[in-house]
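A.B. asks: Below is a structure I'd like to ask you about.
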Amino acid sequence: MAYPLIVGAVFRAFLCACLLAAMPVVATAAPYAAMVIDARSGKVLHSRNADTRLHPASLTKMMTLYVVFDAIEKGEISLDSKVLISRKAAAEQPSKLGLKAGSRIQLRYLIRAAAVKSANDAATALGEAISGSEAAFARRMTRMAKAMGMSKTTFKNAHGLTESGHLSTARDMTTLGRHLFYDFPEYYNLFSRRSTSAGIKTVNNTNRRLLGNYRGADGIKTGYTRAAGYNLVASAERGNERIIATVFGGRSTAWRNARVAELLDMGFDRAPSRVAVRKPSRPVLTAEGAQGTPGRIIRTSGLVTKSLRPRLRPVEAPPEEMLIALQDGIADALADVVADASTATPAPEIIPEAAPKSVLTASLASSLVSAPRPRARARPIAVAATSPSSNDIDDQIVVTRMSTSGGRQWAINVGRFTTRHEAEKMLLQTALVELGTLDEALRKVVRNQQGFDANFVGLTAQTAELACRRLLAQNVNCHPMGPS
């Protein structure tokens, strides 16, 4: 009689075991933890088990992306860099983008896939692109976490799949979310995109339900594994207030979203409407030395570290006697221009006789651009000095500046004029405007059968060519002349 009872009990036990095995696995065993802060000041508004070390799941990708953004900013890599997909990255478990080993894809698409779809293959590819291997990248992530004050966080991979020692806390992940918002505002919009192009296909946001249903929500990141449960770091803004809430160990997506919405509401109720914004300090990353100790940072970035423009040549101050001679020459020339204004060729601009000398000087300098072209086109002219004759004073070469040529054999001609006065006036006008290249040149008026040539002599070939280019750009006739 006892035998049928025993058989029935065994059968019922077997049936219950089968039913339990067939039931969907729900991560109810994962401990629950929560944290709410005022993002503006960093003040904690609510916490529960906030310092308990738990599995972060895909919240890990927040640090993955933070390190990638930091590397881009430092010039280690660019958004347009083509990343080679390894077999390891392509073989990662879902969620994934579907990358093929041996293919190449721009870094920007891997960032989008990791931020929006939470793609594990994209996260691994990002780590390998920055540090050469995922293990090295995970060590860099951990160093960044320590520099950020995330004292109870250790990363073992770039994607967040469960691995021994890969742990964090609700407090640390809330800190990371705040740093993402303030340290890289130019990238933060990625976390609010409902969908985006990831190069090979369009991907949808894993957090789109909260983004669509909670007013002001604009990020940040979801995460789920069987060991972690349903995790979420969320941020929302209403008016001047911004709240960040974190949940570890949710029972389901719906439960997690409802709980986060309650925490955000609590944050907005408790946060003051106005508070001074205190942005977190940017972490300073140290390099990993031997035995994991901090070592010397060796930065091999592609950033330009020096100007591509050539530095200006140092200009030596001319001797005092040269300055005196130059000032005297300008004063004499201006006096001649003012004295002979009634008989000289009319200038483009008429200056009243009662105008002060400063106005006349400014007018002469500004008239260079609009001055009429010389009557005859300048041609190459020999600038060798002729022996002065007492019988023909007009055949002498007039030097209006102290000689500083130092053996320079090139000259430029800025026009031929019918009177010496016009030639001197043109030389003075040109010298006043084009001091950069003609500061050390000599002003000479040379008479020949066709008229009076206005020349600057004592130049090098390069200076003469540069001076003419600059003058021609201002519609001033100029002709370089080599040694005769």
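A.B. asks: Which residues, counting only those in region 424-445, are out of contact with any strand residue (DSSP E or B) (no Cβ under 7 Å at 6 or more places or on another chain) and among the hydroxyl-bearing types (Ser, Thr, Tyr)?
C.D. replies: Of everything in region 424-445, just one residue is out of contact with any strand residue (DSSP E or B) (no Cβ under 7 Å at 6 or more places or on another chain) and among the hydroxyl-bearing types (Ser, Thr, Tyr), namely Thr437.
A.B. asks: Let me ask you something else. Being among the hydroxyl-bearing types (Ser, Thr, Tyr) and under 38 Å from the mean Cα position of the chain (by Cα) is the filter here; which residues of region 226-272 pass it?
C.D. replies: Scanning region 226-272 gives Tyr230, Ser235, Thr246.
A.B. asks: Identify, please: which residue in region 210-234 is surrounded by 14 or more Cβ atoms within 10 Å (Cβ to Cβ) and of a type in the set (D, E, K, R) and is, among those, nearest to Ser164 (Cα to Cα)?
C.D. replies: The selected residue is Lys221.
Residue by residue, here is whether (1) surrounded by 22 or more Cβ atoms within 10 Å (Cβ to Cβ); (2) touching an Asp or Glu at 6+ places or on another chain (Cβ under 8 Å); (3) at pLDDT 90 or above holds:
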site: Thr430; (1), (2), (3): yes, no, no
site: Leu435; (1), (2), (3): no, no, no
site: Leu438; (1), (2), (3): yes, no, no
site: Gln450; (1), (2), (3): no, no, no
site: Asn455; (1), (2), (3): yes, no, yes
site: Thr460; (1), (2), (3): no, no, no
site: Ala464; (1), (2), (3): yes, no, no
site: Arg470; (1), (2), (3): no, yes, no
site: Gln474; (1), (2), (3): no, no, no
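A.B. asks: Suppose we filter region 50-75 for residues that are of a type outside the set (A, V, I, L, M, F, W, C) and touching a helix residue (DSSP H, G or I) at 6+ places or on another chain (Cβ under 7 Å); how many remain?
C.D. replies: 5
A.B. asks: For region 71-102, enumerate the residues that are surrounded by 13 or more Cβ atoms within 10 Å (Cβ to Cβ) and of a type in the set (Asp, Glu).
C.D. replies: Glu73, Glu76, Glu92
A.B. asks: A follow-up question, please. Mind checking which residues of region 134-167 are within 27 Å of the chain's Cα centre (by Cα) and polar (S, T, N, Q)?
C.D. replies: Passing the criteria: only Thr142.
A.B. asks: Something else now. Determine if region 112-127 includes at least one residue that is free of Cβ contacts under 8 Å to residues at least 40 places away in the same chain and not in a helix (DSSP H, G or I).
C.D. replies: No - not one qualifying residue is present in region 112-127.
A.B. asks: Within the bounds of region 23-30, is there any residue that is among the small types (Gly, Ala, Ser), within 30 Å of Phe191 (Cα to Cα) and modelled with pLDDT of 55 or more?
C.D. replies: yes
A.B. asks: Additional query: Collect the residues in region 129-159 that are crowded, with 21+ Cβ neighbours inside 10 Å and not in a helix (DSSP H, G or I), keeping them in residue-number order.
C.D. replies: Met150, Thr153, Phe155, Asn157, Ala158, His159
A.B. asks: Before we move on, is Arg256 of a type in the set (Lys, Arg), buried (at least 17 other Cβ atoms within 10 Å of the Cβ) and under 16 Å from Met173 (Cβ atoms)?
C.D. replies: Against the criterion (of a type in the set (Lys, Arg), buried (at least 17 other Cβ atoms within 10 Å of the Cβ) and under 16 Å from Met173 (Cβ atoms)), Arg256 qualifies.
A.B. asks: Hey, can you tell me all the residues within region 176-209 that are buried (at least 20 other Cβ atoms within 10 Å of the Cβ) and either farther than 30 Å from Lys152 by Cα or free of Cβ contacts under 8 Å to residues at least 40 places away in the same chain (or both)?
C.D. replies: Ala198, Val203, Asn207
A.B. asks: Just wondering, is there one or more residues in region 84-96 that are part of a helix (DSSP H, G or I), over 27 Å from Ile37 (Cα atoms) and in contact (Cβ under 8 Å) with a residue 60 or more places away in the chain?
C.D. replies: no
The values are calculated or read from the model by the stated rules, or taken from the named source; none is laboratory data. Note that this is a predicted model, so its numbers are computed, not measured. Note that each Cβ is placed from the backbone with ideal geometry, even for glycine, and that neighbours are counted across all protein chains shown.
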